[in-house]
1. From the residues in region 200-217 that are buried (at least 19 other Cβ atoms within 10 Å of the Cβ) and outside any strand (DSSP E or B), which one is modelled with the lowest pLDDT?
2. Would you mind telling me which numbered condition in (1) open to solvent by less than 70 Å² (accessible area, probe 1.4 Å); (2) within 27 Å of residue 142 (Cβ to Cβ); (3) at pLDDT 80 or above residue 280 fails?
3. For region 112-191, please list each of the strands (runs of 3 or more DSSP E) lying entirely inside it that holds at least 1 residues being over 22 Å from the mean Cα position of the chain (by Cα) and surrounded by 15 or more Cβ atoms within 10 Å (Cβ to Cβ).
4. Please go through region 224-245 and pick out each residue that is assigned to a loop (DSSP other than H, G, I, E, B) and open to solvent by 40 Å² or more (accessible area, probe 1.4 Å).
Amino acid sequence: MREFLKSTRFKVLLGFLAFLVGIMIYAVTKGGYSLSGASLIQTATKPFRFVSNSISMKMEHVTDKINNADAYYKENQQLKKKIGELNKQLTDYDDIKKEVEELRKLVVIKEQHPDEVFSQPAEVLGYITNDPFRGFTIDKGSSDGIEPYCPVITPEGVVGITIEVSATTSTVRTILSPDLSIAAVCSSTNSDFGIIEGTVLTAEKNCTRFSHLSTDHKLKQGDLIITSDNSGLFPKDMAIGTVRNTGFEANGLSACAEIEPCADITHLGTVFVVLDFTGKKEKADAAEDTP
């Protein structure tokens, strides 16, 4: 015991206690209070009372969680259910908004082509794997009035034709394919006629080809190419694409042009199928014209 009282540790502790007492005396006298025993005790025990109150509040918080765990759990489940309902309402709202937008597009198309009969908006289910010409399937089929060789379009322009049709789905061949031929003409000159047929090389650039053009054509970059009335596959005056560049066939006897489709063939979400139109040929003739 004597060794402890003489140790440096005891001296440090004693000095610290003296420092605390000095601080308490200063606080009491500075505040104008008398240095009574009660006030001295209150001042000395203030830090301990603060810690005790903090511990007490934390214990009350923990006890509240334990005692009301079931109530909190039920409330949490109710909140989760409410959030789920709100998320569903938000999803329904987005679906309705999208449907309204697609129907608005259909109205615009009908105004532009009043003589054609269109299907309801058809969703693209997916692109055909390993098809360099971006063929795809849609969620509409024969039960919706769709048959093989029906034109497929978007508000921007021609996309392709249906080739295989089931009751609820259809496969679409796009204008990037060499197996689809469309009679076309330049809308600005109205005299440069040719055939739209895709190639492997143009499909790699998401383009198609305007071939069998006259060597003295008047096409220039940016000209709009539309369907002509010489084909039984498509209504006339439907936008196909714009001229990217022009050149000559390998034999040098005719010219050709690279066409960038108006519709973004590689990123389609919704399309429309033309069920009937003025001047439509028999399906047998259409089948002969399309390999």
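The values are calculated or read from the model by the stated rules, or taken from the named source; none is laboratory data. Small disclaimer: the values here were computed from a predicted structure and weren't measured. Heads up, the Cβs are rebuilt from the backbone with ideal geometry, glycines too, and the neighbour counts pull from every protein chain shown. The area values use the complete protein model at the heavy-atom level, side chains included, leaving out ligands, DNA and RNA. Shrake-Rupley method; radii C 1.70, N 1.55, O 1.52, S 1.80 Å.
1. 217
2. Exception for residue 280: condition (3).
3. Once the strands (runs of 3 or more DSSP E) in region 112-191 are filtered for at least 1 residues that are over 22 Å from the mean Cα position of the chain (by Cα) and surrounded by 15 or more Cβ atoms within 10 Å (Cβ to Cβ), what remains is 151-153, 158-165, 170-174, 182-186.
4. 229, 230, 236, 237
So that you can scan it fast, the table gives a plain yes or no per residue for (1) modelled with pLDDT under 90; (2) surrounded by fewer than 20 Cβ atoms within 10 Å (Cβ to Cβ); (3) under 25 Å from residue 137 (Cα atoms):
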| position | (1), (2), (3) |
| --- | --- |
| 219 | no, no, no |
| 222 | no, yes, no |
| 247 | no, yes, no |
| 250 | yes, yes, no |
| 264 | no, yes, yes |
| 288 | yes, yes, yes |
| 291 | yes, yes, yes |
